[in-house]
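Here's the structure, in structure tokens; my notes come after.
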Amino acid sequence: MIIIVSGLPGSGKSYFAQALAKRLEADYVNSDRVRNAEGARGKYSTDDKLRIYQIMVERSRESVRAGKDVVVDGTFYLGAMIDLFRKLSTPSTQIYFISVVADENLIKERLARPRSDSEADYNVYLKTKKEFEPLQVPYLTLQSGKDNIDEMLTTALDYIRKS
């Protein structure tokens, strides 16, 4: 299976996605890490972003071919980013979508701290929020708080099992 974890910068999506991948013993693909590995830090045109997401698709496809589940972590703020991944869905490969949201004050607090992989700050959050296209696929929304990762994981695993 492929689990797409989307959300605005600072929402807690990466923290959640890493924990979910660990819990499922799944591969983990993160847009910031792919961007850094590709030497594309600071390159944020729409074409640059879609190129990173295409690489994420290729890495996800490799995981699935190797018989591994994969958790994919990125903003997925454009429908075109989701569309790239929808093509990976087959009768034997289910795709699940999870959106992580958080209170804006908590996001502001999180983005004030330095983060090793991401360049996003509060201004990037505001810009991305303005451009965010609603998901056009069935998805689960999880509310990220200061200390509710276990609850988020339980809810996500229940959603996956029941879908």
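Can you run down the residue pairs with Cβ atoms below 8 Å, 6 or more apart or on separate chains, where the first is in region 97-116 and aromatic (Phe, Trp, Tyr) and the partner is assigned to a loop (DSSP other than H, G, I, E, B) and surrounded by fewer than 20 Cβ atoms within 10 Å (Cβ to Cβ)?
Going by the 8 Å Cβ cut-off, the qualifying pairs are PHE97/LEU135; PHE97/VAL137; PHE97/PRO138; PHE97/TYR139.
Could you please let me know if GLU109 is surrounded by 13 or more Cβ atoms within 10 Å (Cβ to Cβ) and assigned to a loop (DSSP other than H, G, I, E, B)?
When the stated conditions are applied, GLU109 does not pass them.
This table checks each residue for (1) under 14 Å from the mean Cα position of the chain (by Cα); (2) part of a helix (DSSP H, G or I); (3) within 23 Å of GLU25 (Cβ to Cβ).
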residue	(1), (2), (3)
ASN123	no, yes, no
LEU126	no, yes, no
GLN136	no, no, no
THR141	yes, no, no
THR155	no, yes, yes
ASP158	no, yes, yes
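If only one of ARG51, ARG23, ARG33 is without any contact (Cβ under 8 Å) to a residue 40 or more places away in the chain and either in a helix (DSSP H, G or I) or within 10 Å of the chain's Cα centre (by Cα) (or both), which one is it? Write out each step before concluding.
Working: ARG23 fails: without any contact (Cβ under 8 Å) to a residue 40 or more places away in the chain; ARG33 fails: without any contact (Cβ under 8 Å) to a residue 40 or more places away in the chain.
One residue alone meets the criteria, ARG51.
Filtering region 60-85 down to residues that are crowded, with 16+ Cβ neighbours inside 10 Å and among the charged types (D, E, K, R), which residue is nearest to PHE132 (Cα to Cα)?
So the residue we want is ASP73.
All of the numbers you see were taken from the coordinates with simple rules; none came from a lab. Quick caveat: nothing in here was measured; it's all calculated off a predicted structure. Reconstructed Cβ throughout: ideal geometry from the backbone, glycine too, with neighbour counts over all protein chains shown.
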